[in-house]
Amino acid sequence: MYDIHRPHTQAQTARLAQPLRADVEWPEDLLAHWRADDLLLSQTCGYPLMTQLPDVQLVGAFELSAPGCRGARYRSWLVAREEDENSALVDFRGRRAVANSVDSHSGYNALRYLIAPLAQQGRFF
């Protein structure tokens, strides 16, 4: 789920898979993958883990590093056209928003959290 830099992801996966003598898969359908009866180990965002995977057991958490992140803290980015660079979030009312995935806390729920107070009659974008 966090395949930001494929070579790093593949190296980390190989280090985990080798002592387990496990086959590595790169599934397209992550929810089906996480629910597979023969799954030994995988990685997921905390949101699907808590909301859609009641039979999955947490065995650990990676501490990932990215610019501006420290420990368990992360960043989400809102990206807009250069001509809107001095706009406030409220200025985007009625415009279109795109998120990476509705089952992502950092990519979707964090955005919903930001715009909820700005919504009018349940709508903002």
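The values are calculated or read from the model by the stated rules, or taken from the named source; none is laboratory data. Quick caveat, the model's predicted, so the values are computed rather than measured. Methodologically, a virtual Cβ is constructed for each residue, glycine included, from the backbone with ideal geometry; neighbour enumeration extends over all protein chains shown. Each accessible area value is taken on the protein alone, full model and side chains, heavy atoms only, with ligands, DNA and RNA left out. Shrake-Rupley method; radii C 1.70, N 1.55, O 1.52, S 1.80 Å.
Got a number for carbon plus sulfur as a percent of the chain's accessible area, 1.4 Å probe? It would help to have the intermediate numbers written out before the result.
On the way: 5370 of 10600 Å².
The computed percentage sits at 51.
Residues with amide H under 5 Å of Ser42's amide H, sequence separation 5 or more or different chain, H placed in the peptide plane at 1.01 Å from N; which?
none
So how strong a dipole does the chain carry about its Cα centre when Lys and Arg Cβ are +1 and Asp and Glu Cβ are -1, to the nearest 20 debye?
Numbers: 13 positive and 15 negative charges, 93 e Å.
Dipole about the Cα centre, nearest 20: 440 debye.
In terms of the Cα gyration tensor, with a ≥ b ≥ c the square roots of its eigenvalues, is the stretch 30-80 rounded because a/c is under 1.5, prolate because a/b exceeds b/c, or oblate?
On the way: a/c = 2.70, a/b = 1.86, b/c = 1.45.
Taking the square roots of the gyration eigenvalues as a ≥ b ≥ c, the stretch 30-80 is prolate.
With a 10 Å radius around each residue's Cβ, average the other Cβ atoms per peptide and rank 111-124, 19-32, highest first.
On the way: 111-124: 11.9, 19-32: 10.1.
Taking the mean over residues of other Cβ atoms within 10 Å, the ranking is 111-124, 19-32.
In deg cm²/dmol, rounded to 500, what helix-only [θ] at 222 nm does the chain give when every DSSP H run of at least 4 residues adds -39500 (n - 2.57) and the total is split over its residues? Mind showing how you got there, number by number?
Working: 4 runs with 34 residues, N = 125.
So the helix-based figure for the chain works out to -7500 deg cm²/dmol.
Probe of 1.4 angstrom, ligands and nucleic acids ignored: what's the accessible area per residue over the stretch 15-125, in square angstrom? Mind showing how you got there, number by number?
Working: 9530 Å² over 111 residues.
Roughly 86 Å² per residue, with all protein chains present.
Between 0 and 90 degrees, rounded to the nearest ten: what's the tilt of helix 6-20 against the longest Cα principal axis of the chain?
30
Taking the structure as given and computing Cα Rg over 2.2 N^0.38 Å, which label from (1) 1.01; (2) 1.50; (3) 1.30 fits?
(3)
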